[in-house]
Structure formats: structure tokens, C-alpha cells
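Colleague: Take a look at the following structure, please.
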Amino acid sequence: MSEPSTYDPRTTGLGPDNALAPGPGGTALAARAAELDRADPLAAVRDRFTMDDTVYLDGNSLGALPTGVLPRLSEVVTREWGELRIRSWEESGWWTAPERIGDRIAPLIGAAPGQVVVGDSTSVNVFKALVAAVRMAPHGRDEILVDAATFPTDGYIAQSAARLTGRTVRAVAAAEIAAEAGARTAVALVNHVDYRTGRLHDLRGVTAALHRAGALAVWDLCHSAGALPVSLDADEVDLAVGCTYKYLNGGPGAPAYLYVRRELQPGFDSPLPGWNSHADPFGMAPGYEPADGAARGRIGTPEILSLLALDAALDVWDGVAVSEVRVKSLGLTDFFLDCVAALAPAGSVEVVTPVAHAARGSQVSLSCAGAAEVMRELTARGVVGDFRRPDVLRFGFTPLYTRYADALRAATVLAAVLEGTA
Ligand SMILES: *Cc1c(COP(=O)(O)O)cnc(C)c1O
């Protein structure tokens with residue numbers, strides 16, 4: 001291509017919208033980006049976030065900061081903690097925040113109220129969900145299926161859950177789980193979107209196949225919730241977990257959530273039955289009696305500051321339809337793939353993420369030689385994605401604050417870096 005290798009946003013001093021490759025391909029793509037941004041019904045939502053000139057394509061690891069979080073946290077610390085102190089458990093609604101905020105996440109994952117509770121990390125919730133699922137599964141089922149390409153923590157936790165419950169873990173490719181589930185399967189733990197490749201799995205079909213085999217389905221939604229439609233109720237998922245610091249922008253270490261299908265709640269036997277999940281926590285009884293509903297998934301005292309930061313962060317979803325987010329996510333990733341194809345030196349990168357929309361999450365993963373160094377260069381030039389060993393560049397496209405012009409700039413800088421290192 002013409003001149004992308006001469007582009008450097010730090011030395012040109014141009015803003016993110018006009019600092020584009022000047023060649024013919026770049027000009028046509030720039031016009032297309034401008035057109036797409038003009039027509040984008042979500043364009044104004046970007047103003048709900050604290051953004052700068054960096055092209056931020058790592059919102060699938062840590063979502064950007066919504067502008068409402070700081071003032072809300074300041075109020076929580078100053079007034080609710082600083083002045084009301086212990087009274088806030090009641091008067092500021094702290095005690096019920098895990099269920100209340102769960103009900104705010106529920107519409108984003110296709111869940112009716114009363115089935116989602118927020119608290120603890122995703123890892124801890126994987127543990128609760130898996131052990132509870134094994135305890136609810138039909139007797140005599142001795143295996144737990146785990147998505148072979150799973151985010152590692154899920155696999156580690158599954159191994160421990162299996163040891164504790166006397167089962168074994170069998171790793172199976174997510175695409176094979178439907179076929180592999182059988183009379184020995186108690187439960188399968190599957191990632192809805194593969195964190196590394198960005199492949200989207202068939203939540204409805206796999207869940208139905210597991211049910212036909214008499215097994216339960218536990219889904220990890222870390223890379224799908226907030227990026228694409230999820231229909232837990234309609235697709236009859238049993239249990240699900242997900243984190244809130246990626247596409248839900250809750251902040252570093254924000255608490256995760258646990259979904260327990262309403263019909264299963266009476267049989268949900270938590271492996272970590274802390275006092276917060278007791279039917280009468282302040283009865284301080286020596287014996288455990290579980291609460292009804294989503295609260296049964298709680299353990300101990302909720303992480304109020306992070307919970308309320310997340311609560312404020314969820315305001316960015318006001319008036320936003322997840323279906324619209326999906327349209328833009330596919331639009332952004334399509335356009336980025338087009339830009340990379342047009343601008344990157346021939347043969348310099350390979351597309352890891354499925355091109356078919358039905359199999360694509362909200363990220364584009366590319367593999368290339370020297371990927372770690374390429375990502376360091378990109379970051380130094382104001383394009384932030386991340387690197388996954390051994391050779392994957394991950395670009396997460398968060399539709400609420402990413403522009404088509406950002407996708408083009410990322411591809412332009414990537415092309416320049418690849419030319420420089422080729
Ligand atoms: C990000 C992610 C996690 C993170 O787990 P934590 O306990 O929050 O560290 C777990 N599973 C998947 C699939 C993820 O993508």
C-alpha cells in the first residue's frame with residue numbers, strides 16, 4: 001500500500017479522526033469510516049466514558065471508565081460511608097446491592113429478575129456453579145466436561161471441583177461438547193466466546209444437547225455479556241457466570257455475577273454457604289438454612305465500593321439495546337478486517353477469529369511473527385490491544401465507545417508497524 005509506514009500519530013500531531021493513511025486505499029477507507037461513524041446510532045454513547053486520543057481496543061480485558069463512576073463513588077465514600085457509616089447497610093441499600101445490581105445486569109444476559117447475584121470473582125463463581133451443578137446432576141454421573149480451550153482459571157477450578165466431588169474432568173473442544181455429552185456427564189462448563197480466538201459458541205444448541213444427555217450447562221459469559229445478545233432464560237441455561245470489568249466497564253477487580261435459573265434455585269446447594277446466603281443472616285443461628293432466590297449464591301460481606309462503582313457504570317446502558325450493540329460490533333470488526341486486508345503487507349498477518357458472523361464475538365485476533373513486539377510498538381503509538389502467547393494480537397471492539405475511525409487508525413498503525421518489522 002502507499003504510505004502507511006510513514007504514519008506516526010505522535011509525530012504528526014493529528015487527531016484520531018483525521019490522522020489517516022493518505023494513500024488511495026486509506027482515503028477511501030477514511031471516507032467509509034466517516035460515513036459509518038455519522039450513521040452510527042450509538043455514536044453519542046462514547047460521551048458517557050472518559051476517553052482520550054488513544055485507540056483503546058482492550059475493553060475486553062478492562063472496560064473504559066464511565067464518567068458517572070467517580071462522582072457516585074465520591075458520594076458513596078463521603079456521605080454513605082463517611083457520614084452514615086453502619087446505617088448505610090440499611091439506609092443506603094448496601095445489604096441488598098448484590099441482588100439489586102444483579103437485576104440490572106439481568107436484561108443484558110436475557111434473564112428475568114431474581115436470578116442474578118453480584119459478588120466475588122468469576123473464579124469463585126465458577127466454583128460455586130460447578131459444585132452446585134454436580135450436586136444437582138442425576139446420580140452416578142462421574143464426569144465434568146470442560147471446554148478444552150477455556151480461559152485457564154475455569155479449567156483449574158473445574159479440576160478442584162472434580163476432586164472435591166469425586167468426579168473427573170474431561171477436556172473437549174467446545175464445538176464437540178454437544179456430541180460428547182453422554183450418560184456419564186454431570187455438567188459441562190463452556191466459554192460462550194473463546195477469549196483467545198474470539199470464536200462465539202452455540203449457547204442454545206450446546207445447552208439443548210446437554211439437556212438431552214441429562215446433564216447441566218454452566219456458561220462463562222466473560223467475553224459475551226455486554227458485547228452481544230445472550231438469552232439465558234430463553235435458551236434454558238442452568239447456571240452462568242461472568243465478570244463485570246470487561247464489556248460491563250465495572251472497573252478493575254469489579255465483582256462478578258452468578259446466574260441460577262429460577263427452577264433450580266431451590267436445589268442450589270452452595271459449596272460456600274456463607275452467612276450472607278443464610279435465610280436469616282442476623283439470626284446468627286449455629287445451623288445453616290439457605291435463603292430463597294438469587295441470594296443463595298452469596299457468600300460473605302459484599303465488596304460495596306466496587307459494587308457501587310459497577311452500579312454507576314451500568315448507567316451507560318440506559319436506552320441502549322444489546323441488539324444495536326451487536327450490529328455495531330459486527331460492523332466494527334468487519335470494517336477492521338477490511339482495513340487490515342487493504343493496508344497490512346500481504347501475508348504479514350493471519351486472521352484467527354472466525355469471519356462468519358454467527359461464530360464471531362466482539363474481538364479480532366490476528367497472529368503474526370513477533371507478535372509481542374508488534375503489540376508493544378502499537379501501544380507506544382497509541383493503539384492499545386493485547387498480546388496472548390505465543391503469537392496472537394487481540395483487538396477488542398467495545399461498541400459503546402469505539403468508533404469506525406478508531407478501527408481504521410488501528411489498522412493503519414498496525415500496517416506501519418508490520419512494514420517496519422518485516
Ligand atoms: C476474564 C475471564 C475470567 C476472569 O476470572 P477472574 O476470577 O475475574 O480473574 C474468567 N473466565 C473467563 C472466560 C474470562 O474471560
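Colleague: If you go through region 137-158 one residue at a time, how many are surrounded by fewer than 17 Cβ atoms within 10 Å (Cβ to Cβ) and more than 24 Å from L200 (Cα to Cα)?
Modeller: Residues meeting the conditions: 4.
Colleague: Moving on to the next point. Given the criterion within 18 Å of H223 (Cα to Cα) and at pLDDT 95 or above, identify the matching residue among V118, V131.
Modeller: Numbers: V131 fails: within 18 Å of H223 (Cα to Cα).
V118 is the lone residue from the list that is within 18 Å of H223 (Cα to Cα) and at pLDDT 95 or above.
Colleague: Any idea how many residues of region 369-391 are more than 24 Å from D47 (Cα to Cα) and surrounded by 21 or more Cβ atoms within 10 Å (Cβ to Cβ)?
Modeller: Final tally of qualifying residues: 3.
Colleague: Just give me the residues in region 332-377 being free of Cβ contacts under 8 Å to residues at least 40 places away in the same chain and touching a Phe, Trp or Tyr at 6+ places or on another chain (Cβ under 6 Å), in sequence order.
Modeller: Answer for region 332-377, where residues must be free of Cβ contacts under 8 Å to residues at least 40 places away in the same chain and touching a Phe, Trp or Tyr at 6+ places or on another chain (Cβ under 6 Å): A371, A372, M375.
Colleague: Next question. Might you let me know whether region 117-125 holds any residue that is of a type in the set (D, E, K, R) and away from the ligand (no atom under 12 Å from the Cβ)? Let's see the steps before the verdict.
Modeller: At the first step, the residues of region 117-125 found to be of a type in the set (D, E, K, R) are 120.
Narrowing further to those that are away from the ligand (no atom under 12 Å from the Cβ): none.
Taking every residue of region 117-125 in turn, none turns out to be of a type in the set (D, E, K, R) and away from the ligand (no atom under 12 Å from the Cβ).
Colleague: Can you find even one residue in region 182-201 that is within 11 Å of the ligand (Cβ to nearest atom), on the phi > 0 side of the Ramachandran plot and assigned by TED's automatic domain parsing to the domain that holds Q115?
Modeller: Narrowing region 182-201 to residues within 11 Å of the ligand (Cβ to nearest atom): 189-196.
In the following step, the residues that additionally are on the phi > 0 side of the Ramachandran plot were identified as none.
No, region 182-201 has no match at all.
Colleague: What are the pairs, 6+ residues apart or on separate chains, where a residue within region 394-422 that is in the same structural domain as D52 (by TED's automatic domain parsing) and closer than 19 Å to S365 by Cβ has its Cβ under 9 Å from a residue that is among the basic types (K, R) and in a helix (DSSP H, G or I)?
Modeller: Partner pairs satisfying both residue conditions: F397/K328; P399/R326; P399/K328; T402/R46; T402/K328; L408/R32.
Colleague: Consider only pairs whose beta carbons are under 9 Å apart and that are at least six residues apart or on different chains; among these, list those whose first residue lies in region 147-164 and is in the same structural domain as A133 (by TED's automatic domain parsing) and more than 10 Å from the ligand (Cβ to nearest atom) and whose second residue is acidic (D, E) and assigned to a helix (DSSP H, G or I).
Modeller: A148/E176
Colleague: Still on this structure, I have one more. I'd like to know if region 261-279 contains one or more residues that are crowded, with 18+ Cβ neighbours inside 10 Å and under 15 Å from the mean Cα position of the chain (by Cα).
Modeller: no
Colleague: Assess whether G242 counts as being within 16 Å of the ligand (Cβ to nearest atom), crowded, with 21+ Cβ neighbours inside 10 Å and among the small types (G, A, S). Outline the logic, then answer.
Modeller: Details: within 16 Å of the ligand (Cβ to nearest atom): yes; crowded, with 21+ Cβ neighbours inside 10 Å: yes; among the small types (G, A, S): yes.
For G242, the condition - within 16 Å of the ligand (Cβ to nearest atom), crowded, with 21+ Cβ neighbours inside 10 Å and among the small types (G, A, S) - is met.
Colleague: Then there is this: Can you tell me which residues in region 172-203 are surrounded by fewer than 23 Cβ atoms within 10 Å (Cβ to Cβ) and more than 30 Å from L330 (Cβ to Cβ)?
Modeller: Correct list: G182, A183, R184.
Colleague: Within region 273-296, does at least one residue satisfy the condition of being within 16 Å of the ligand (Cβ to nearest atom) and modelled with pLDDT of 95 or more? Step through it out loud before you land on a result.
Modeller: From region 273-296, those within 16 Å of the ligand (Cβ to nearest atom) are none; that's our starting set.
Checking region 273-296: not a single residue is within 16 Å of the ligand (Cβ to nearest atom) and modelled with pLDDT of 95 or more.
Colleague: Given (1) of a type in the set (G, A, S); (2) surrounded by fewer than 24 Cβ atoms within 10 Å (Cβ to Cβ); (3) within 16 Å of the ligand (Cβ to nearest atom), where does A129 come up short, assuming only one miss?
Modeller: Result: A129 passes all but (2).
Colleague: Any idea how many residues of region 376-406 are within 20 Å of the chain's Cα centre (by Cα) and either of a type in the set (F, W, Y) or assigned to a helix (DSSP H, G or I) (or both)?
Modeller: Total meeting the criteria: 4.
Colleague: Filter region 33-62 down to the residues that are in contact (Cβ under 8 Å) with a residue 60 or more places away in the chain and among the hydrophobic types (A, V, I, L, M, F, W, C) and list them by number.
Modeller: Within region 33-62, A33, A34, L36, L42, A43, V45, F49, M51, V55, L57, L62 qualify.
The values are calculated or read from the model by the stated rules, or taken from the named source; none is laboratory data. Here the structure is a predicted model, which is why all the values come from computation and not from measurement. Here Cβ is always computed from backbone atoms with ideal geometry, including for glycine, and neighbour counts include all displayed protein chains.
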